[in-house]
């Protein structure tokens, strides 16, 4: 199976996303990591038994010392307390500022390890090995790292780019179906915001993706990373364009915050959030009626929820007002104005409330 | 009294350090801060009664909402827990990603506010108003922000540049003499590492500085900021040259860590650390005998300690090995090879131990 390389063009912070099958065992792609006396592999209790040994083998070829940090699993552990477990190990092992951190796991591990790398001694290099579909198509590109705060998701973090990302689609074979679906939500997102043809391809291949066929997975991961890389290269620090990647996320974050983080998977909340954003796009006259139904149908075939939970509308509104994309209390929504094109703008509160009523159950 | 502007040339992160008398009340220098709906003034219980009202007045001319966060005072509060008090307020007030953070106080307030600004929503703008001599000549230039970890000082942080720095030398009039001296340690540092003439000027004017004469203070702050700005512009992320600014700091950090943070002031530890580094420079044959005595004499006139505390030498060594400048367990020292010129290199452990024995009491 071919190896795909997607460059992320960010000047002196440029890096490559490698996508392939058997990557964790492909020594040639690990052998040119920068020299340092130590690497620290950060993973969680679920992923460690499956893939830690393979990655450790690669790292031991390159680094004199390889330390393993195994964190608890789950979004509710994406906290300062868990982050500190990484710092405790780094300092306990007297790791210096050239130490390479390696994140092996899903988005939570990637976000925390990346943020630890951004902060430890004001910045050490790090490598991402995302093992979930969501992490491969989303957090692997763009350098967003963060932890949660009791008052908001991803509120404390940094933009910090990895040295390299290894997306081995073989690791997706062990993923529970619910997590595959959650990842497909972010894959599907790239169609409406950036690529009408890719939305059509997804409608043709969604069953292959759900069945985890490697060639379909590789194409989906590749196209997702390419689109995200193009957006991020144009706007690394989310000054404007990059916000379109948050299609479905303003509503989705409110779902996650309203239910408590971890009840719904992030991708599930984004799926229902995209339906809401599609609904709002129609109510604003940006899209003809029918778009929301088309998007919902694809999401449903992927095994995703298309209606949000029945929370009080005021609660939805409140959670959206503290979203990072809000400015001066104005909630800014990512909306679709034609398939393959997104706009970011506020919306009349009355229409937003209609959407929340119509798209929750 | 004239107003001095020292530009810090860091490309799209360039900013100005304004140095003057009466700056806190000089409306024209505050009126062009970027637009945002809110500013958050972060200070501590000591500084708030002295200067918070003046800064709040300036900010209220510019921002619809001005929130005040008053933290406890002291190096031992430079922790994640205190940092979280800032995040709690930012999220509690629903501050968005354009919110301007303003640090009013010494290095601890500047470091914590800067790190909070670096991390809140992955980065919001911030302004520094350093009110101690140490902060005006050191942390105001270069964007180093951090908090301490139980296993090491400044271990968790970020490089993050302010929008602007206001150094009002009037605020130094309320500084306790011990803190004036601690600031003079960092001023004196710039002579040996970068400017022989400035070292001579300091020997001529140290009594004026100790007496807080404004014209002497303005020149000392200006020259310190100019030297630091030149070094930082050449090496923002401490890849090489910037390390010379840590003259005295490797030994100094070991003193602070060994005694427990906060027992000695940072500048006091740096003073004794510089004497140690001068002693080691002589032992290595980099400098003729006499340099250490000359430096010690000036530091003593500034009211600073010139001998470290009598800690076990092994303890010094251990603390230095986890210093951020160490690489693979090798301690790297900033040494002087001619007045106005520093080098960064390891040193034989036997000589380091001799220095520690000779320069502590």
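Taken together, the values in this text are just the output of simple stated rules run on the coordinates, not laboratory data. Because the structure is predicted, anything quoted here is derived from the model rather than measured. As a convention, Cβ positions derive from the backbone with ideal geometry for all residues, glycine included, and neighbour counts pool all protein chains shown.
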>> From the Cα trace of the range A:4-174, what convex hull volume per residue do you get, rounded to a whole Å³?
In response: 103
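Take A:319, B:266, B:253 and order them by how many other Cβ atoms sit within 10 Å, fewest up front. Before the final figure, lay out the partial values.
Details: A:319 21, B:266 28, B:253 25.
Ordered by Cβ neighbours within 10 Å, fewest first: A:319, B:253, B:266.
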> Put the label 7 Å from Cα along Cα→Cβ for residue B:230; what are its distances to the other copies, in nanometres, shortest first?
Replying inline: 4.8
>> With both bridge residues required to lie in the range A:4-174, what share of the DSSP beta bridges run antiparallel, to the nearest 5%?
In response: 30
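When every alpha-carbon pair in the range A:102-225 is counted, what percent end up more than 19 Å apart?
On the way: 3658 of 7626 pairs.
Cα-Cα pairs in the range A:102-225 separated by more than 19 Å: 48 percent.
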>> Which one, B:215, B:168, B:138, has the greatest fluctuation when you compute a Gaussian network model over chain B with C-alpha springs under 10 angstrom?
In response: B:215
>> Antiparallel versus total DSSP beta bridges in the protein assembly as shown: what percent is that, nearest 5?
In response: 40
>> Taking R0 as 60 Å, what FRET efficiency do you get between residue A:314 and residue A:60 from their Cβ-Cβ distance, rounded to the nearest 0.05?
In response: 0.65
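How big is the convex hull of the Cα atoms of the range A:177-358, per residue, in Å³? List each step's numbers first, then the result.
Working: hull volume 19.1 nm³, N = 182.
Given the Cα convex hull of the range A:177-358, per-residue volume reads 105 Å³.
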> Taking the label point as lying 7 angstrom from Cα along the Cα-to-Cβ axis, what are the distances from residue B:262 to the corresponding position in the remaining copies, in ascending order and in nanometres?
Replying inline: 3.2
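Please give the length that would be gained between residue B:10 and residue B:97 if that part of the chain were fully extended, namely 0.36 nm times their separation in residues minus their C-alpha to C-alpha distance (nm, one decimal).
Details: separation 87, 0.36 × 87 = 31.32 nm, distance 2.22 nm.
Working it through step by step, the gained length comes to 29.1 nm.
Can you give the average number of partner chain beta-carbon atoms within 10 Å of each beta-carbon in peptide A:93-103, as a whole number?
Details: counts 1, 9, 3, 11, 5, 2, 2, 0, 0, 0, 0.
Counting Cβ atoms of other protein chains within 10 Å of each residue's Cβ and averaging gives 3.
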> What angle, in degrees between 0 and 90 and rounded to the nearest 10, separates the Cα long axis of helix B:214-234 from the longest principal axis of the Cα atoms of chain B?
Replying inline: 80
> Any idea what the residue A:11 label distances to the other copies are, label 7 Å down the Cα→Cβ vector, nm, shortest first?
Replying inline: 0.3
>> Sort A:117-123, A:285-291 by packing, meaning the average of other beta carbons within 10 Å per residue, with the highest value first.
In response: A:117-123, A:285-291
>> Helix A:349-358 against the longest principal axis of chain A: what's the angle in degrees, Cα atoms only, rounded to the nearest 10?
In response: 80
> Can you tell which of A:157, A:260, A:106 shows the greatest fluctuation in a Gaussian network model of chain A with Cα springs below 10 Å?
Replying inline: A:260
> Using every alpha carbon pair in chain B, what percent of pairs falls into each 10 Å bin from 0 up to the bin containing the largest distance?
Replying inline: 5, 26, 35, 23, 9, 2, 0
>> With only alpha-carbon atoms in the gyration tensor, what are the semi-axes of the equivalent ellipsoid for the range A:165-206, in Å, largest first?
In response: 21, 12, 10
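Based only on Cα atoms, what mean projected area does the convex hull of the range B:156-245 have, in nm²? The partial results should precede the final answer.
Working: hull surface 27.0 nm².
So the mean shadow area of the Cα hull is 6.8 nm².
Can you give the relative contact order of chain A as a percent, counting alpha carbon pairs under 8 Å and 6+ residues apart? Provide the component values of the computation, followed by the final result.
Values: 702 pairs, mean separation 54.5, N = 361.
Across chain A, relative contact order equals 15 percent.
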>> Distances longer than 19 Å among the Cα atoms of the range B:72-139: what percent of all pairs is that?
In response: 29
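Å³ per residue of the Cα convex hull, for the protein assembly as shown? Mind showing how you got there, number by number?
Values: hull volume 100.0 nm³, N = 722.
Dividing the Cα hull volume of the protein assembly as shown by its residue count gives 138 Å³.
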> Taking every DSSP beta bridge that has both residues in chain A, what percent is antiparallel when rounded to the nearest 5?
Replying inline: 40
> So what is the 222 nm mean residue ellipticity for chain A from helices alone, if each DSSP H run of at least 4 adds -39500 (n - 2.57) and you divide by all residues, rounding to the nearest 500 deg cm²/dmol?
Replying inline: -13000 deg cm²/dmol
> What angle do you read, to the nearest 10 degrees and between 0 and 90, between the alpha-carbon axis of helix A:177-194 and the longest principal axis of chain A?
Replying inline: 70
